[in-house]
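Working notes, beginning with the structure itself.
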Amino acid sequence: RLPDLCQLDGEAIELGVGMKFFCTIKDILTSEGEFWVEREFFSSENERKFRQFKEILSIFATSYESLKDVYIGQLVALHYETSWHRALVVSKSDAASSSLPASARVRLVDNGASLYVNVAQLKWLPEQFYLFPFKALECVF
């Protein structure tokens, strides 16, 4: 069951002052002094759960409905490179104001990358996929 899979074993979800963790920087520093990193789980069991979660997402996302419109803060599915990802809509353009299709800037919440995509590439994502903690973390410099 997906909810059971989303319970991480012995991992601190929130980081406190002085906590250390391994990560990979995935995006550039913005003018507001923020950047995103992909956190590495401490245990191989939690990495296994994450891989299984991604496999389940890949199986179901292909059958989900493509979106015509999105809202800022919406969690969606996106096929990028060779796999499906959870993506958070950060900003969007309005197709009504131009001849171009609607586009959105999304943040891949499990690796921290930021992309501009056509809204039609995004798929609806059921709430059960919100349960697994984001693997990427926003950092402020």
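All of the numbers you see were taken from the coordinates with simple rules; none came from a lab. Only a predicted model underlies this, so the values are computations on that prediction, with no experimental measurement involved. With ideal geometry, Cβ positions are generated from the backbone for all residues, glycine too; neighbour counts draw on all protein chains shown.
Dimensions of segment 68-120 based on its C-alpha atoms, expressed as ranges along the principal axes with the largest first, amount to 32, 22, 16 Å.
Highest mean first, the peptides 118-125, 107-114 sorted by other C-beta atoms within 10 Å per residue fall in the order 107-114, 118-125. Between Glu138 and Ser63, the C-beta separation translates, for a Förster distance of 41 Å, into a calculated FRET efficiency of about 0.85.
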